[in-house]
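Here's the structure we're looking at; comments come further down.
The numbers here are math on the coordinates, done by the rules we state, and not lab data. Note that the structure is a prediction, hence the values are computed from the model and not measured. Here Cβ is always computed from backbone atoms with ideal geometry, including for glycine, and neighbour counts include all displayed protein chains.
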């Protein structure tokens, strides 16, 4: 098995990235199928236009996973300070799990933060997203409970940060 190629999404990646996003969030039980969030997950063209959509693809160009990257202070950054990058909507298709796709996507977001001269990263995750937490821990992110927040009533979010 080859390592995934991670890059900024191209127009022909958008549909696949949307499907992977919905598959991961709805399929893993993190989002109800009738939630309005599903349309936001599927709208990868908007995410790519208003932020940066990074995709992991295999050698044939099939989308294995994706993540939205935003610099702090921009509309897609929920928790990042102005000198931090943020990831949102990290998603890896079920068939690609265990192949380092999530780790590669998060690593690319770290690289992007550094390219922009940012001082670190911060992002939110749900307590039950334990597979993602293992990636964050392995890459050196720290739990930052003083920045935890509630996105909606009953939707508690944990914050992880990293300083460069």
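Within 10 Å of each residue's Cβ, count the other Cβ atoms and sort 30, 133 from fewest upward. If you can, show how the numbers build up before the last one.
Working: 30 14, 133 17.
Lowest to highest Cβ neighbour count: 30, 133.
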Problem set entry | Amide N proximity, the stretch 103-142 versus residue 35 label position 7 Å along Cα-to-Cβ, cut-off under 17 Å | 124-133
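For a quick protection proxy, order the peptides 72-82, 31-41, 54-64 by their average other-Cβ count within 10 Å, most packed first.
Numbers: 72-82: 16.7, 31-41: 14.0, 54-64: 19.5.
In decreasing order of mean packing, 72-82, 31-41, 54-64 become 54-64, 72-82, 31-41.
So for the stretch 81-164, considering every pair of alpha-carbon atoms, how many percent are separated by more than 15 Å?
57
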Problem set entry | Distance (nanometres) between label positions extended 7 Å along Cα→Cβ at residue 95 and residue 134 | 2.2
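Could you work out [θ]222 nm for the chain from helices alone, using -39500 (n - 2.57) per DSSP H run of at least four and dividing by all its residues? Round to the nearest 500 deg cm²/dmol. Kindly include the intermediate steps, with their values, before the conclusion.
Working: 5 runs with 52 residues, N = 164.
Here the helix-only value at 222 nm equals -9500 deg cm²/dmol.
How much length, in nm to one decimal, is gained on full extension between residue 74 and residue 11, taken as 0.36 nm per residue of separation minus their Cα-Cα distance? Write out the running numbers ahead of the final one.
On the way: separation 63, 0.36 × 63 = 22.68 nm, distance 2.23 nm.
Extra length from residue 74 to residue 11 when fully extended: 20.4 nm.
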Seminar exercise, completed: Length gained, residue 155-residue 43, 0.36 nm per residue minus C-alpha separation, equals 38.1 nm
Problem set entry | P(r), alpha carbons of the chain - 5 Å bins starting at zero, rounded % | 2, 10, 19, 23, 23, 16, 6, 1, 0
